[in-house]
1. Return the residue satisfying two criteria in turn: it lies in the range A:57-71 and is crowded, with 17+ Cβ neighbours inside 10 Å and among the aliphatic types (A, V, I, L, M), and of such residues it is nearest to the other protein chains (Cβ to nearest Cβ).
2. On the given criteria, is A:LEU78 within 14 Å of another protein chain (Cβ to nearest Cβ), crowded, with 22+ Cβ neighbours inside 10 Å and more than 17 Å from the chain's Cα centre (by Cα)?
3. In this structure, is B:LEU82 in contact (Cβ under 8 Å) with a residue 60 or more places away in the chain, within 18 Å of B:ILE7 (Cβ to Cβ), in contact with a strand residue (DSSP E or B) (Cβ under 6 Å, 6 or more places away or on another chain) and among the aliphatic types (A, V, I, L, M)?
4. So B:ALA191 fits all but one of (1) within 14 Å of another protein chain (Cβ to nearest Cβ); (2) modelled with pLDDT under 95; what number is the exception?
5. Please enumerate the residues belonging to the range A:1-21 that are surrounded by fewer than 19 Cβ atoms within 10 Å (Cβ to Cβ), of a type outside the set (Lys, Arg) and not in a strand (DSSP E or B).
6. State yes or no: is B:ASP169 among the charged types (D, E, K, R), open to solvent by 20 Å² or more (accessible area, probe 1.4 Å) and over 30 Å from A:VAL216 (Cα atoms)?
7. A:PHE106 is checked against (1) within 14 Å of the chain's Cα centre (by Cα); (2) open to solvent by 10 Å² or more (accessible area, probe 1.4 Å) and fails just one. What number does that condition carry?
8. Report yes if B:LEU181 is in contact with a strand residue (DSSP E or B) (Cβ under 9 Å, 6 or more places away or on another chain) and either without any contact (Cβ under 8 Å) to a residue 12 or more places away in the chain or away from chain A (no Cβ under 11 Å) (or both), otherwise no.
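The values are calculated or read from the model by the stated rules, or taken from the named source; none is laboratory data. Not measured: the values here are computed from a predicted model. Ideal geometry is used to build each Cβ from the backbone, glycine not excepted, and the neighbour counts take in all protein chains shown. Keep in mind that these areas ignore ligands, DNA and RNA; they rest on the heavy atoms of the full protein, side chains included. Shrake-Rupley method; radii C 1.70, N 1.55, O 1.52, S 1.80 Å.
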2 protein chains.
Amino acid sequence: MTAKDTIRVSEIFGPTIQGEGPLIGRPTVFVRTGGCDYRCRWCDTLYAVLPSHRGEWLPMTPSEIMTRIEELSGGMPLLVTLSGGNPALQPLGALIDLGRTRGYGFAVETQGSVAVPWFAALDWVVLSPKAPSSAMTTDWNAFDACLESAGPNPRCVLKIVIFDDADYDFARQASTRYPSLPIYLQVGNPAPLKAGEFCEWPVDEADLRRRLQWLVGKVAQDRWFAATVLPQLHVLTWGSKRGV
Amino acid sequence: MTAKDTIRVSEIFGPTIQGEGPLIGRPTVFVRTGGCDYRCRWCDTLYAVLPSHRGEWLPMTPSEIMTRIEELSGGMPLLVTLSGGNPALQPLGALIDLGRTRGYGFAVETQGSVAVPWFAALDWVVLSPKAPSSAMTTDWNAFDACLESAGPNPRCVLKIVIFDDADYDFARQASTRYPSLPIYLQVGNPAPLKAGEFCEWPVDEADLRRRLQWLVGKVAQDRWFAATVLPQLHVLTWGSKRGV
């Protein structure tokens, strides 16, 4: 094992259920890597993004990570979700290969800004281009390169966080650009933005409920029946608690 | 059109999103039929079950129902969810055939007590055998007949409402009996039972949240990673309001 294979890990936790997107409700262990090329305004995991938290990110080898996953899952294969930060910044190929030989499945959650060959080895590639409310700008060439890296084997989907009409329009355009990709619209949660970096953020459930109603109304009115509309289940269930 | 093709309809509404099971978050129009061979203790749609509501169930022809679905969806094909009551008591085959020719997809939600040939024409057959808390008893021969009627074409899944350990054990046994069927565990909502037939039932979100945490904990502890755990999204979003 060389330094180039070392993965910066913010946290490994589970089994819990996936709270978002196409795998909502599925038991999974999360491997959250540290470091991100984005800084979304409403990011809810700044502890895995900001360089000031770098000291908390443990360098781990694929084998060390796999040992921890197997401890948590009792050696029973399940879905491993690679999240971040942007996990595409980390050399995760060896971990995926190792896990696969032991029967584990893998999904990645990434914004689609960095293409890596190991996308092709995944079961699921959940691509979340960031809408205007994030204050980030999508490089669609980089995004296309991610889809190309993934190739035909993983199931690739779009998952877009929606706060307002501009975000919604962005999602519509993304869907037009990639008509063959299933699209998941995720209700935005403003609590992390309001709370700031170092606060636990209280969940305003009535607000999230109104946002979900609004988004369902938009989709229904526009007859955009190819979209799937979901909240973050873990936020409704566990709030801002880490590691569930 | 003869009387034998007439369908007893409790309500038709949408487009809204499916709140449960494998199609959670998907835009759909619901066709809720009237009449049921079961009377689950915690039923949340007694107005489509109890004979005392029979006068509210409109006899409609397949063509009349399809016209209403097309009005609601603006003629844009989407998923139609056939629910009840027990929709298997109604002659829905002609409606499905008609909708298919116009590009609509169809899912049924049924307890699996009555097998009908039109199951084979569906995209999804969501089978919800009722666990002990319902006070109903499953006839597994009838259930097997439903799967046989469905045949190879629709995607068949199990969806089981869980209130307690006995329900959970029932779900485990059902899953052992049908290892090839994906299984969705749905958090039980005691509000309708507490409220009684004629009351709007207030949603106790904290209680539902605790129930979801409990169920996720059970699945994680038992390493039952093939199960998907979901709440009723529409209950968290719209409470007991009808027609959303």
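1. Among those that are crowded, with 17+ Cβ neighbours inside 10 Å and among the aliphatic types (A, V, I, L, M), it is A:ILE69.
2. Here the answer is yes, as A:LEU78 does meet what is asked.
3. No: the conditions fail for B:LEU82.
4. Just one mismatch for B:ALA191, condition (1).
5. Result: A:MET1, A:THR2, A:ALA3, A:ASP5, A:THR6.
6. So B:ASP169 fits the description; yes.
7. A:PHE106 satisfies all of (1) within 14 Å of the chain's Cα centre (by Cα); (2) open to solvent by 10 Å² or more (accessible area, probe 1.4 Å) except (2).
8. yes
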